[in-house]
1. Mind scanning LYS2/LYS341; LYS2/LYS343; LYS43/LYS99; LYS23/LYS333 and naming the pairs with a C-alpha gap bigger than 18 Å?
2. Over the C-alpha atoms of the stretch 92-159, what are the Rg and the largest Cα-to-Cα span, Dmax, in Å?
3. In whole Hz, with x marking every Gly and Pro, tabulate ³J(HN,Hα) for the stretch 238-249 from phi via Karplus 6.51 cos²θ - 1.76 cosθ + 1.60, θ = phi - 60°.
4. If you take every residue apart from LEU133 with its C-beta less than 13 Å away from the C-beta of LEU133, what net charge results, scoring Lys and Arg +1 and Asp and Glu -1?
5. Given a cut-off of 21 Å, what percent of all Cα-Cα pairs of the stretch 235-346 lie beyond it?
6. Below 12 angstrom from the Cβ of GLY104, what's the summed charge of the other residues (Lys, Arg +1; Asp, Glu -1)?
7. If you put +1 on each Lys and Arg Cβ and -1 on each Asp and Glu Cβ, how big is the dipole of the stretch 11-303 around its Cα centre, in Debye rounded to 20?
8. Given H placed 1.01 Å from N in the peptide plane, which residues other than close sequence neighbours of VAL170 have an amide H under 5 Å from its amide H?
Amino acid sequence: MKTLTITRPDDWHVHVRNGTILKAVLPHTARQFARAIIMPNLKPPVTTVDQALAYRDEILAAVPMDVDFTPLMTLYLTATTTAAEIKNAAASEHIHAFKLYPAGATTHSDLGVADIVAAYPLFAAMEKYQIPLLIHGEVTDADCDIFDRERMFIERYLIDIIKQFPKLRVVFEHVTTQEAVQFVESASTNVAATITPQHLLYNRNALFVGGIRPHHYCLPVLKREQHRLALVKAATSGNPKFFLGTDSAPHTTETKENTCGCAGCFSAAIALELYAEAFEAANALDKLEGFASFYGADFYRLPRNSGTITLENTSWDMPSSYGENGISITPLKANETIHWKVKWSNQTEHL
Ligand code: NCD
Ligand code: ZN
């Protein structure tokens, strides 16, 4: 049987929620990844160092006993974030970034930043204290076509942000377009991007195969095939500016299969398997380790992990849902055949 062993990877963008959903989803991430950048869009959002440390404790309590996992916390940027909080965050060994959600862009983003230029003094503080800024790069104007939102964000905001703050470290999160790939490639080494498994595997047709497919709906929304191909090329290129960020974003089955369904794909249970499928299809399995296990750590200035994880090339059926205690979360590829399986993980030695 074909197997693939790589250094234990990290997930540089994941939503693990809190409460019952946290308990259901966190073990999946913790089994595959040594560390993960935890998104702060709870309700209410995680905006202070103290809140992030309390959330970190809640996450640690949900890590299975036999697993070694480190959550890397982030703070949610709002109009009322202060430079003092940025300084505090940068000084904390547990806080690794700020997340910018344009107000109204996605799940729980109503308290996000409405006036991005007004946040420039905060970007200056992040540049000064060298804490990365993670950007959900989509404009939110109701009259902007949903498929153009990422491209418009680059033109309207990102170009100027990196010009004004050349030493600010920026991660353009979950890039979905050819334009975003080109922007990141041509920017300085202070600018990087995460890429999700769904944007490597699907184009926008996947939203409408035989009917509407709520479990393929996430934000930024899936794009045309030409964009998917650009993302595959970037992820498998060996360019260290592109690294793994699943954007696994669990919602209950009822809230996704709804007249107004939530955005987000739950991929944590098969994250590495999905990336292996995408890299194998591009004939680039040898590039998976850099993308999954090295480049993100290098960008965040953290040591690379030293344990390993092994995937087997074997077919198995994905369950229709995950969760217990009355909750159900439908994963990406529910009831479909998966062609890779994580087999064994030597998790003892990272960091
Ligand atoms: C995310 C969520 O549900 O928190 N949803 C998504 O579609 N990706 C938010 C986000 O990252 O945009
Ligand atoms: Zn996200």
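1. Working: LYS2/LYS341 11 Å; LYS2/LYS343 12 Å; LYS43/LYS99 15 Å; LYS23/LYS333 21 Å.
Going by Cα-Cα distance, LYS23/LYS333 fall outside the 18 Å limit.
2. Rg, Dmax (Cα atoms, Å): 12.8, 42.
3. x, 6, x, 6, 10, 9, 6, x, 5, 6, 4, 9
4. Details: positive: LYS99, LYS128, LYS167, ARG169; negative: GLU127, GLU173.
Here the count lands on +2.
5. Numbers: 2863 of 6216 pairs.
Counting every Cα pair in the stretch 235-346, those more than 21 Å apart make up 46 percent.
6. On the way: positive: ARG149; negative: ASP110, GLU138, ASP141.
Neighbourhood net charge equals -2.
7. Values: 25 positive and 32 negative charges, 46 e Å.
Approximately 220 debye in magnitude.
8. LEU133, VAL191, ALA192
Rule-based calculations on the coordinates, nothing more; no lab input. What you see is a predicted model; the values in this text were computed from it and never measured. No Cβ is skipped: glycine too gets one built from the backbone with ideal geometry, and neighbour counts run over all protein chains shown.
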